[in-house]
Every structure is written in structure tokens, then in C-alpha cells.
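The values are calculated or read from the model by the stated rules, or taken from the named source; none is laboratory data. Remember, predicted model here, so these are calculated numbers, not experimental data. Glycine also receives a Cβ, built like all others from the backbone with ideal geometry; neighbour counts cover every protein chain displayed. For accessibility, only protein heavy atoms count, side chains too; no ligands or nucleic acids. Shrake-Rupley method; radii C 1.70, N 1.55, O 1.52, S 1.80 Å.
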Amino acid sequence: DAGVIQSPRHEVTEMGQEVTLRCKPISGHNSLFWYRQTMMRGLELLIYFNNNVPIDDSGMPEDRFSAKMPNASFSTLKIQPSEPRDSAVYFCASSLGGGGNYGYTFGSGTRLTVV
Amino acid sequence: DQQVKQNSPSLSVQEGRISILNCDYTNSMFDYFLWYKKYPAEGPTFLISISSIKDKNEDGRFTVFLNKSAKHLSLHIVPSQPGDSAVYFCAASAPPLYIFGTGTRLKVLA
């Protein structure tokens, strides 16, 4: 299994531009999570999907952020317009179910820099 | 308000010595606690977990201790090796989610 695949690995964009981050979860996993890692807040949950349906998006910082999961094998996180304070590492994770003893499998992340 | 806290952002330990990473939580309803390890440019990977009904779980050089009365858990690494240098996140299970701490950067000095 190739694990959770994220693209791109690095993204540098100018303030005001649209940014789209992509994620392919592990086949068979029914839960998908988008996290953002910053020095101040550590790993913070942005949104999670169960069976392709957004369940909790309370962590999405602003309306500039949106996420979709059109099918079980693909999800996107879009920022429009991007701002310098959005610079962070964004992780996608997937699991079969959630919580408990099993944990999530994380992708390698996308490092976003907005200049 | 953070429900899971790692108050030490960094820790340095000599190779061969014990590393102790600490984590505090506020919600007594968490059912499992997990530790993740993260190397630069990689995603976090699962390291070890403990059920809230246990007070210790051991896996090789890694042992996690849970003190429910103090709402505190710790990860012990003995002996520490240079390859253990990474950021360690503790996480608490609130199904279906995990709540993560801010991480502790461990540096093992050769």
C-alpha cells in the first residue's frame, strides 16, 4: 500500500492567489482528516470527512478555506485567496473509523509558503 | 483552550540516557492516548498507545505511563538513540477524533 499520498510536497504562491492541496487516502479507509501544523498550535484539525461526507468543519479558520471529497479516493483543500498567515504544513490523514487504539495514517504533508 | 498540552517544546538528552516526554490533558473521558513521532519532511507516524484503563504499556525501548488522577502521561525512551531525534506528539482519543498536543522536539546527542 502506498499510504496516504499528498501533492504537491511544496507550494510557494503569492498572496491573493488560489491554492489547492490534494490528498489520496489509503484504499478502504472511510475517514479522512485535514490538519495544519504550526509552531504555536501544533497539529490542529481543519475538517474531517466520513464516507465522503464532511462531518465537522469547525476547525476551518475562515471562509477562504474550503474542502471537498468527491469520491472515496480523493480530497482537496482549497484556499482562496491565500494570505501569508496561511503558511504552514498541511497534512492529510485517513483511517478506518476513527479514535480508539488505531490512530491515523498521515501523508507526508504539503509545505505551503505564501509570500 | 487546549485539551492536550505538551509544555516542553524541546528536550536534549545524551545518547544512552533516558528521554522522558510529558503530556497533560484535561478531559477525563478520553479513552486512549497515543504517541506519534515526526521526522522532518515526513508525516507523523504512530509510535505507541495506551488504554485509559491501563497505567503502563511497553514496546521495546518505549514505555508509556498513564496517571489518571493527575491527568498526565509520559513517554520514556530507554536507551535513547540519535535516530530517536524527532518531534513527538501526544494525542488523546475522543472518537472519532484525536486531539493532538503541540509537540516536543527531542534531540539525542551522540
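The table for this structure:
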quantity: Cα-based equivalent ellipsoid, chain B: semi-axes from gyration tensor eigenvalues, Å; calculated: 22, 15, 12
quantity: Cα gyration tensor category, rounded, prolate or oblate, for chain A with a/c compared to 1.5; calculated: prolate
quantity: Translational diffusion coefficient (Stokes-Einstein; Kirkwood radius from C-alpha pairs) of the stretch B:66-110 at 4 °C, 1.567 mPa s, in µm²/s; calculated: 105 µm²/s
quantity: Backbone HN-Hα couplings from phi across the stretch A:38-49 [Karplus 6.51/-1.76/1.60, Hz, Gly and Pro as x]; calculated: 10, 4, 6, 10, x, 8, 10, 6, 8, 7, 9, 10
quantity: Accessible area of chain B divided out per residue, in Å², using a probe of 1.4 angstrom; calculated: 48 Å²
quantity: Rounded to the nearest 10 Å², the accessible area of B:Lys38 at probe 1.4 Å; calculated: 20 Å²
quantity: Portion, in percent, of the accessible area of chain B that falls on carbon or sulfur, probe 1.4 Å; calculated: 50 percent
quantity: Long-range amide H partners of B:Ser85 with built H, under 5 Å; calculated: B:Val108
quantity: Computed label-point distance, nm, for sites B:Ser69 and A:Arg85 using a 7 Å Cα→Cβ extension; calculated: 4.4 nm
quantity: Area accessible to solvent at B:Phe30, 1.4 Å probe radius, in Å²; calculated: 10 Å²
quantity: Hz values of 3J(HN,Hα) by residue in the stretch A:55-67 - Karplus curve (6.51, -1.76, 1.60), Gly and Pro given as x; calculated: 9, 9, 10, 5, x, 5, x, 8, 5, 5, 9, 9, 9
quantity: Assigned charges on the beta-carbon of Lys, Arg, Asp, Glu; chain A dipole about Cα centre (debye); calculated: 240 debye
quantity: Whichever lysines have a C-alpha closer than 27 Å to that of B:Lys56, once near sequence neighbours (fewer than 8 apart) are set aside; calculated: B:Lys5, B:Lys37, B:Lys38, B:Lys68, B:Lys71, B:Lys107
quantity: Å³ per residue enclosed by the Cα convex hull of the protein assembly as shown; calculated: 123 Å³
quantity: Residues along the stretch B:43-66 losing 30 Å² or more of accessible surface when the other protein chains are present rather than the chain by itself (probe 1.4 Å); calculated: B:Gly43, B:Pro44
quantity: Total accessible area lost when B and A pair, probe 1.4 Å, Å² to nearest 100; calculated: 1700 Å²
quantity: Efficiency of FRET between A:Thr38 and B:Glu58 - r from beta-carbon atoms, R0 25 angstrom, step 0.05; calculated: 0.15
quantity: Chain A - accessible surface per residue (Å², probe 1.4 Å); calculated: 49 Å²
quantity: Value of relative contact order over chain B, rounded to a whole percent, pairs C-alpha under 8 Å and six or more apart; calculated: 37 percent
quantity: Residues whose placed amide H lies under 5 Å from that of A:Ser108, excluding near-sequence neighbours; calculated: A:Gln6, B:Gly43
